[in-house]
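Colleague: I have a structure I would like to understand better, so I am pasting it below and will then ask my questions one at a time.
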Amino acid sequence: MQLISIHLKNIKSHRDTELNFCPGINVLSGPNGAGKSTIFEAIGYAMFGIDAQSFVGNVDRFVTIGAKRGDIAVVFQCGDDGRYRVSRTVGTPSRWLLAKEVAGDFEVEEHKDSKETEGRLKELLGLRSSRSLAEQFELVIGPFQHDFLGPFVIKQTTRRRDKFDEILGIDIWRKTFNETKVLTSAIKAKVDALESAIGPLQNQVAELPAKRAEHKAAKKDLEQAEKDLALQQQQLKSLEELLLAVDKREKDLKGLEKEVETLKERISNGNEMIGKQTLLVEEAEKAHKVIVESTAGKKAYEQAEIELGELREKVKVQRQQEQGVADLNNQIGKLTERLKIETKVTQSTREELVAEEKTLAESRKALSLDDKQKALSERLPEIRENLEGARKQLGLLEGRWAGLREGSEKLAEGICPFFQEPCLNIAAKPPDDVFTAKFSELDQVRRRLQEDVHTLEREENVASQANDRLKAVAVKLEGLDVQMARLGERRNSNELKAEGLAELQKEQSAAQQQLDEKQKVLATYGRLQADIDAAEKQKMQHQEARDSYVANQQQAEELDQRRADLEKFSTHRKQLQDDLLAKEAAFSTMGKEYDAAEHGRLRQQKDDLWGGVSALSQKIKGLAADVLRLSAEIDKLKKIEKDITEKRDQIKSYKEKDDLVKFLRNRVFRSVSGHLSERFREEISQRANRIYRIISEVDEELAWGDNYQIVLRDMVDGELRERADDQLSGGQTMSAVVALRLAMLQTIGARIAFFDEPTSNLDVTRRENLALAFRAIDVGKEEVTEHWYDQLFLISHDVAFTEITDQIISLA
């Protein structure tokens with residue numbers, strides 16, 4: 001596992017920074033505020049998924065001032081598995097992407113969410129703990145500067161123990177022991193609830209034998225009632241068959257009686273129809289006589305009417321000709337007036353166009369371009385480019401100033417925030433001396449840039465106004481050109497109108513010629529009214545004969561049909577009279593065979609049987625409902641009986657589970673956490689002790705005691721002395737913490753680690769020894785420990801690390 005490079009864009013003081021790393025030990029150095037800690041924070045954010053609020057109060061402070069979002073990309077190598085790039089954005093929208101290098105390009109892997117991305121990174125980094133990547137980074141792999149001592153300096157024993165159990169991943173056993181305590185109470189509550197529920201259910205099941213006896217008796221009564229019903233239904237069926245024959249005889253008798261009455265009524269109606277038809281035949285014969293007498297007069301009337309129609313058509317033609325003459329007169333008048341008006345308008349338009357052309361020429365002459373204004377307008381792009389460059393320089397200066405301010409706030413008054421002792425790294429030079437000169441220099445440059453910006457803004461304003469004035473003149477000239485073009489279009493249009501006047505004169509002459517021709521045609525219709533009067537007189541002479549013909553025509557035409565209908569009516573009446581005699585004879589014979597009293601007795605007997613059948617049916621329904629109800633009650637009681645059995649089985653199962661929980665809590669969970677803690681502390685103590693001896697160069701033994709106390713043992717006057725917590729100096733505590741952290745990193749299998757100012761509170765000798773210890777681990781000296789990491793990253797101002805590092809990365 002090896003980090004290859006990191007690229008930061010708009011992250012705190014890093015507007016666009018790319019760093020390359022080498023295997024082994026990489027040291028980041030540079031003045032305070034240069035962004036060294038930001039590099040570690042960016043790696044934690046991109047590779048381990050840490051929330052930005054873990055190291056800045058507000059996420060916006062993680063982004064460079066003036067930028068809306070930031071980007072971090074880390075490229076790393078995973079042994080033979082290839083090279084990968086993980087990238088994560090700061091801001092909205094936030095994206096966390098993992099890509100693998102394929103043929104020189106990085107192809108993004110498809111992950112459904114951030115959890116899947118984190119799981120893939122765990123696999124690549126070899127960190128398969130159930131704890132999140134962010135927790136592993138913050139607790140062990142790369143705690144931030146203010147968290148370096150972390151849980152080592154927690155005073156409360158229980159809190160310190162719980163924290164280190166969590167770091168080592170063994171806290172689950174203690175948590176399981178505590179959380180399973182409620183299981184025994186829950187199991188007892190379940191058993192009590194089941195036993196209390198069984199009592200009422202047993203009382204209900206006690207009624208089951210009585211219900212079964214009642215159900216048997218109800219089924220027996222139901223079977224007897226069904227037998228009685230079947231017997232009465234058979235008797236009713238026989239009686240209904242007899243009644244069916246008697247009912248048919250009664251129906252046939254009533255049908256004959258109705259047919260006789262119908263025939264009598266139809267014969268009476270036939271007599272009336274024959275009388276009416278006789279009158280209609282007589283009327284038709286009279287109408288036929290009138291038709292014969294008036295035929296000659298009717299024909300003369302029709303001939304006169306034909307002649308009148310022809311004459312009226314000629315009147316229509318005459319009126320059309322008169323209307324055409326009037327229309328032509330009107331058209332000629334309009335053409336004459338139009339020709340006069342358009343001739344006058346054409347001449348007036350010519351005069352207006354000449355005057356407008358003269359006005360436009362004077363306006364163009366009045367517009368002129370100033371050379372000075374042109375020069376200012378041409379310089380506008382150059383001024384704006386210079387202004388943008390000055391503003392960018394000012395923005396970069398503000399970012400450097402903010403970075404220096406952040407560094408000065410961290411150091412404050414030079415006191416260590418953990419031990420309240422003077423920090424040895426800056427003891428020779430107070431913090432103010434480090435930053436005062438830088439702030440003064442940056443303030444001078446900032447004032448000069450601000451003055452340049454104000455000067456360029458004023459020049460931009462003047463040049464912009466000149467440019468606007470030149471644009472306005474150009475717009476006005478374009479407007480004059482448009483007006484001149486429109487005048488040319490109007491002149492062409494006016495000349496076309498003048499040419500069109502000749503066509504109007506031709507149209508006027510043609511209309512006058514048509515008028516003369518139509519007036520000649522009208523002269524031929526002079527005797528038309530006299531011919532119409534003569535035809536009207538002829539028509540009036542034959543009006544009476546024609547009216548008589550029309551009035552009697554329909555009746556005369558119906559004479560033959562009326563005579564045929566009269567003959568048909570007489571024949572049909574004779575047939576009805578013969579049918580009446582036959583029906584009356586049949587009715588008399590059938591009446592002798594039917595007995596109405598016997599028919600009534602049979603109906604009463606049928607009604608009595610129907611009442612008995614209905615009562616038995618109702619009784620059967622009630623008995624069937626009782627049988628179904630009792631069956632349902634018995635089934636319900638059987639289910640209750642089964643439920644009681646199941647609850648007893650559950651009680652037995654819960655008691656077995658209770659015995660198992662008690663066994664696990666007392667024999668397993670209570671002791672496993674302590675045994676694992678002892679094993680881890682023993683293994684880590686052995687590794688840490690060897691590293692500590694290299695750092696301190698004293699005959700002291702480092703041990704990680706009960707409840708994770710830092711314990712130092714040595715011999716004083718021949719007796720063993722142990723010191724812990726407040727008995728240790730700041731340098732001893734820091735040396736022990738560094739040694740223990742290195743040992744813990746090896747134990748959890750981390751291949752990379754980050755140390756932010758690990759030499760704080762160490763004297764010169766211990767700082768040099770710590771550097772030697774890092775190199776000893778890197779080369780795998782047996783007296784220290786085997787080589788277990790691929791890369792170490794350190795932030796330090798200490799020159800001791802320059803001699804042992806594989807690469808020094810300087811940040812300005």
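Colleague: Can you give the extra length, in nm with one decimal, that the chain gains between Glu223 and Leu602 once fully stretched, where that is 0.36 nm per residue apart less the Cα-Cα distance?
Modeller: Contour length minus Cα-Cα distance gives 133.4 nm.
Colleague: What is the ratio of the Cα radius of gyration of the stretch 89-178 to 2.2 N^0.38 Å, with N the residue count, to two decimals?
Modeller: Taking N as the residue count of the stretch 89-178, the ratio is 1.44.
Colleague: Still on this model: Suppose only helical runs count, i.e. DSSP H with n ≥ 4. What mean residue ellipticity at 222 nm does that imply for the chain under -39500 (n - 2.57) per run, divided by all residues and rounded to the nearest 500 deg cm²/dmol?
Modeller: -25000 deg cm²/dmol
Colleague: Let me ask something else about it. What shape does the stretch 25-98 take by its C-alpha gyration tensor, where a ≥ b ≥ c are the square roots of the eigenvalues and a/c under 1.5 counts as rounded, a/b above b/c as prolate, and the rest as oblate?
Modeller: Numbers: a/c = 2.26, a/b = 1.24, b/c = 1.82.
It comes out oblate by the Cα gyration axes.
Colleague: From largest to smallest, what semi-axes in whole angstrom does the stretch 715-768 give when each is the square root of 5 times an eigenvalue of its alpha carbon gyration tensor? Could the numbers behind the result be given before it?
Modeller: Numbers: eigenvalues 129, 51, 18 Å².
Those come to 25, 16, 10 Å.
Colleague: Using unit Cβ charges (K, R positive; D, E negative) and no other charged atoms, how large, in debye to the nearest 20, is the dipole of the stretch 484-632 about its Cα centre?
Modeller: 780 debye
Colleague: Sequence neighbours fewer than 8 away in the same chain don't count; with that in mind, list the lysines whose C-alpha is under 29 Å from Lys276.
Modeller: Lys258, Lys264, Lys286, Lys289, Lys568, Lys574, Lys583
Colleague: Can you compute log10 of I(q)/I(0) for the stretch 1-63 with the Debye formula, treating each Cα as one identical point scatterer, at q = 0.26, 0.27 Å⁻¹?
Modeller: Evaluating at q = 0.26, 0.27 Å⁻¹ gives log10 I(q)/I(0) of -1.32, -1.38.
Colleague: While we're on this one: Using the alpha carbon gyration tensor of the stretch 303-410, what are the three equivalent-ellipsoid semi-axes (square root of 5 times each eigenvalue), largest first, in whole Å?
Modeller: Result for the stretch 303-410: semi-axes of 92, 34, 7 Å.
Colleague: Among rounded, prolate and oblate, which fits the stretch 517-650 when a ≥ b ≥ c are the square roots of the eigenvalues of its C-alpha gyration tensor, a/c under 1.5 means rounded, and a/b larger than b/c means prolate?
Modeller: Values: a/c = 10.04, a/b = 2.02, b/c = 4.96.
Taking the square roots of the gyration eigenvalues as a ≥ b ≥ c, the stretch 517-650 is oblate.
Colleague: Could you tell me which residue out of Ala134, Gly24, Gly66 lies farthest along the dipole of the stretch 16-161 toward its positive end? Charges go on the beta carbon: Lys and Arg +1, Asp and Glu -1, centred on the Cα centre.
Modeller: Value: Ala134.
Colleague: What value does the chain have for Rg/Rh, both radii from Cα atoms and Rh as Kirkwood defines it?
Modeller: Working: Rg = 62.4 Å, Rh = 44.5 Å.
With Rg and the Kirkwood Rh in hand, the quotient comes to 1.40.
Colleague: Can you tell which of Gly255, Gly270, Ala284 lies farthest toward the positive end of the dipole of the stretch 251-295, using +1 and -1 charges on the Cβ of basic and acidic side chains (Lys, Arg; Asp, Glu)?
Modeller: Checked the options; the winner is Gly255.
Colleague: Quick one: what are the phi-derived ³J(HN,Hα) couplings along the stretch 451-462, Karplus 6.51/-1.76/1.60 with θ = phi - 60°, whole Hz, x for glycine and proline?
Modeller: These are the phi-based 3J(HN,Hα) values: 5, 4, 5, 4, 4, 5, 5, 5, 5, 4, 5, 5 Hz.
Colleague: Could you check what % of the DSSP bridge pairs in the chain are antiparallel, to the nearest 5?
Modeller: Just about 75 percent of them are antiparallel.
Colleague: Another question about this same structure. Please list, or write none, the aspartates and glutamates whose alpha carbon is within less than 15 Å of the alpha carbon of Lys520, excluding same-chain residues fewer than 8 places away.
Modeller: Qualifying aspartates and glutamates at Cα under 15 Å: Glu322.
Colleague: Right, here's the next one. How many Å² of accessible area per residue for the chain, probe 1.4 Å?
Modeller: 60 Å²
Colleague: Taking R0 as 35 Å, what FRET efficiency do you get between Lys216 and Val246 from their Cβ-Cβ distance, rounded to the nearest 0.05?
Modeller: 0.15
Colleague: Still on this structure, I have one more. Quick check: pseudo-label points 7 Å beyond the Cα along Cα→Cβ at Ser588 and Leu480, how many nm apart are they?
Modeller: Simple spin-label model gives 13.5 nm for this pair.
Colleague: Next question, about the same structure. To the nearest 20 Debye, how big is the dipole of the chain about its Cα centre, given +1 on the beta carbon of each Lys and Arg and -1 on that of each Asp and Glu?
Modeller: Details: 128 positive and 145 negative charges, 275 e Å.
In total the dipole reaches around 1320 debye.
Colleague: Among Ser440, Ile684, Asn552, which residue has its Cα positioned farthest towards the positive end of the charge dipole of the chain, with +1 placed on the Cβ of Lys and Arg, -1 on the Cβ of Asp and Glu, and the dipole taken about the Cα centre?
Modeller: Working it through, the farthest residue towards the positive pole turns out to be Asn552.
Colleague: I would also like to ask the following. Quick check for me: using +1 on Lys/Arg Cβ and -1 on Asp/Glu Cβ, what's the dipole size of the stretch 257-302 about its Cα centre, in debye to the nearest 20?
Modeller: Dipole magnitude for the stretch 257-302 comes out near 280 debye.
Colleague: Also: Just to check I understand the Karplus step: with θ = phi - 60° and J = 6.51 cos²θ - 1.76 cosθ + 1.60, what whole-Hz values come out for the stretch 480-486, glycine and proline as x?
Modeller: Once θ is set to phi - 60°, the couplings for the stretch 480-486 become 5, 4, 4, 5, 5, 4, 5 Hz.
Colleague: Given a 1.4 Å probe and every protein chain left where it sits, what share in percent of the accessible area of the stretch 566-643 is carbon and sulfur?
Modeller: Carbon and sulfur: 56 percent of the exposed surface of the stretch 566-643.
Colleague: If I take the Cα coordinates of the stretch 218-351 and project them onto the principal axes, what are the three extents in Å, biggest first?
Modeller: 129, 74, 13
Colleague: With N set to the residue count of the stretch 584-683, report its C-alpha Rg divided by 2.2 N^0.38 Å to two decimal places.
Modeller: Details: Rg = 42.4 Å, N = 100, 2.2 N^0.38 = 12.7 Å.
It is 3.35.
Colleague: Shifting gears a bit: Taking Rh as the Kirkwood radius computed over C-alpha pairs, what is the Stokes-Einstein D of the stretch 526-585 at 25 °C in a medium of viscosity 0.890 mPa s, expressed in µm² per second? Provide the component values of the computation, followed by the final result.
Modeller: Details: Rh = 16.6 Å.
The diffusion coefficient I find is 148 µm²/s.
Colleague: Still on this structure: Can you give the convex hull volume of the alpha carbon atoms of the stretch 1-124 per residue, in Å³?
Modeller: About 118 Å³ per residue, rounded to a whole number.
Colleague: Separate question: Among 38-45, 708-715, how do they line up by average Cβ neighbours within 10 Å per residue, starting with the highest?
Modeller: 38-45, 708-715
Colleague: Something else now. Distance in nm between label sites at Glu398 and Arg723, each 7 Å beyond Cα in the beta-carbon direction?
Modeller: Distance between label points: 5.2 nm.
Colleague: With only alpha-carbon atoms counted, please give the Rg and Dmax of the stretch 251-324, in Å.
Modeller: When restricted to the Cα atoms of the stretch 251-324, Rg and Dmax are 29.7, 89 Å.
Colleague: Between Asp643 and Gln233, what length comes free when the chain is fully extended (0.36 nm per residue of separation minus the Cα-Cα distance, one decimal in nm)?
Modeller: Here the segment from Asp643 to Gln233 would lengthen by 142.9 nm.
Colleague: Taking a cut-off of 20 Å, what percent of all Cα-Cα pairs in the stretch 653-758 are separated by more than that?
Modeller: So the pairs more than 20 Å apart make up 52 percent of the total in the stretch 653-758.
Colleague: How high is the FRET efficiency from Cys22 to Glu109, r the C-beta distance, R0 30 Å, rounded to 0.05?
Modeller: Step by step, r from the Cβ atoms, then E = 0.65.
The values are calculated or read from the model by the stated rules, or taken from the named source; none is laboratory data. Note that the coordinates shown come from a computational prediction; the quantities given were computed from them, not determined experimentally. FYI the Cβ positions are ideal-geometry reconstructions off the backbone, even for glycines, and counts take in every protein chain you see. Remember, those area values only see protein heavy atoms, side chains included, never the ligands or the DNA or RNA. Shrake-Rupley method; radii C 1.70, N 1.55, O 1.52, S 1.80 Å.
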